[in-house]
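Have a look at the structure below, then the notes.
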Amino acid sequence: MPEATKVQNHCKSRISRVETTDERITGRGGLSLFVRYLEGTGILAMLDSCFGRIRKSRKGLPVSEMFKQILCFFMDGTSRHLGHFDQLANDPGYAATIQTRPKAMASSHAVKRFMKAFSMPLVWFFRWALLELFVWRLRLSKPEIIILGIDLVVLNNDDAVRREEVKPTYKKVKGFGTLNLTWENLVVDSVLRSGNKHSNHGTSVHRMIKRVVTKIRTRYADSVPIVFRLDSGFLDQSLLRVMEDLEVGYSVSGKLYKDITAVMEQVPEHTWQRHYGPGPAEENQIWEFFEFGDRRGTWKRFRRAIFTRPMMSELGQHYLPTLRPCQVIETNLGMGQAVDRKLARAGYEYLTSPEGIIDLHHGRGEDELVFRSVKDFGSETLPFQSFRANAVYYYCMLLAHFLFCCFKTDVCSGVVDENAYPTTVRRKLIDIGAKIVSHSGSQVLKVARIVWERLQFDLLWQRSGRPPQIQLA
């Protein structure tokens, strides 16, 4: 008898037919929080003031509205094809979620025309906008030390057909090379370049460093210590001299030149020092290191160098003595320069010691996580044939990723892990079912009670409506 009851209940819960509805229903209910956050921060007004001249006629959409839809397009992440805008334009539920009239939804052709309308000088205003947002976050978090990373990241466009500036890269694929400046989990400046340009090509890095240091000291604090972390592609005397003249610190991966390795082979075992720090397999990593002064052939001065070799692999197994991967770290920390005094006043004198420099430089792995997040959030493949239009698409993606990270911190703290990747945030927070109804002359977003309780939706709604505002100079 109980088995018969179970079968009967199963039959009653079975769906017998499907029907359509004209109600405004969306599967992206969490986008309403993101739109509310964008409007509260003032970013849309800021973009309108920067790029408002793009709009040539009142018949077109306002620039702020176009940017809102583009930022939501990236935040949604359903598709990376611009043709997806045509599907969104025919979805009244999506339009209501992002608080846009259905007739004001942009088509794919409108978005393409918008991105192609930028001149190259106007494209660089995106870099100004990213640095302004960087200052905004500095003023909110008030860090006592600013550690910045610079690295070259390849965008794989190997399958692209005749894309302008898509050229062979060092990763043996055709694509673009992006020079990125990172702070914590944010990309705060970037230069989109052809794929065949190496890390320290031209003076791009020099100008990038000068711009960000000037911005920090004029808009945040003049006395805050600034330290850069770079890989071996940036080991260049002129670049090191720029950072020394700016009185900032640096740690750069050196190269295992034959003269260095020959000297290290002659160092007696008892003179090697050991440093214990965070490592693999829930154990402490052990580094053996030897400190010396290094002066390359064309260098005009000696610089501090630390030769390191880890004792354990990523699996927590000890290396054989002849198989240890070695590394050289070139730095100006601990050499009595102005940056040392700033570090001491800020309470970070530890970073001038060999152990502190080793920990600092091995933190470069955190910068790689930023690039992984950007690629998970957006797309490596850029859609246009024109380099200029691709640059607009790329900077819009970076801008959206920056705001996504700020959204996680300001709105989703305690509900979603701040270190969660974009795909995780989308599945948990953005991709929720919602219904938009008109009630007493107002629009009401309704979500299931289980979603309301699980996400603390009322708390998210309050936070998204009162975000920290962007303050321009």
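The values are calculated or read from the model by the stated rules, or taken from the named source; none is laboratory data. Keep in mind it's a predicted model, so treat the numbers as computed, not measured. No Cβ is skipped: glycine too gets one built from the backbone with ideal geometry, and neighbour counts run over all protein chains shown.
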Restricting the range 217-233 to residues that are of a type outside the set (S, T, Y) and surrounded by fewer than 21 Cβ atoms within 10 Å (Cβ to Cβ), the one farthest from the chain's Cα centre (by Cα) turns out to be D222
Taking first residues from the range 355-374 that are farther than 14 Å from L155 by Cα and second residues anywhere that are of a type in the set (S, T, Y) and at pLDDT below 85, the pairs with Cβ under 6 Å that are 6 or more apart or on different chains are none
Expected output for the range 81-107 (first residue at positive phi, partner in a helix (DSSP H, G or I), Cβ below 7 Å, 6+ apart or cross-chain) is Q99/V35
Checking V411, V392, V415 in turn, the sole residue that is over 28 Å from F114 (Cβ atoms) and of a type in the set (A, V, I, L, M) turns out to be V415
Going by the structure shown, is F114 within 20 Å of L71 (Cβ to Cβ) and surrounded by 20 or more Cβ atoms within 10 Å (Cβ to Cβ)?
yes
Given the conditions (1) assigned to a helix (DSSP H, G or I); (2) surrounded by 22 or more Cβ atoms within 10 Å (Cβ to Cβ), every one holds for C412 apart from (1)
query: Is it the case that some residue within the range 171-192 is surrounded by fewer than 18 Cβ atoms within 10 Å (Cβ to Cβ), at pLDDT below 90 and under 22 Å from the mean Cα position of the chain (by Cα)?
result: yes
Pairing a residue in the range 300-317 that is under 15 Å from T261 (Cβ atoms) with any residue that is modelled with pLDDT under 75 and surrounded by fewer than 18 Cβ atoms within 10 Å (Cβ to Cβ), where Cβ atoms lie under 6 Å and the two sit 6 or more apart in sequence or on different chains, gives R309/R324
For the range 126-161 the number of residues that are over 18 Å from the mean Cα position of the chain (by Cα), within 26 Å of F387 (Cα to Cα) and not β-branched (V, I, T) is 4
Taking the range 368-395 and keeping residues of a type in the set (D, E) and farther than 17 Å from V166 by Cβ leaves E368, D376
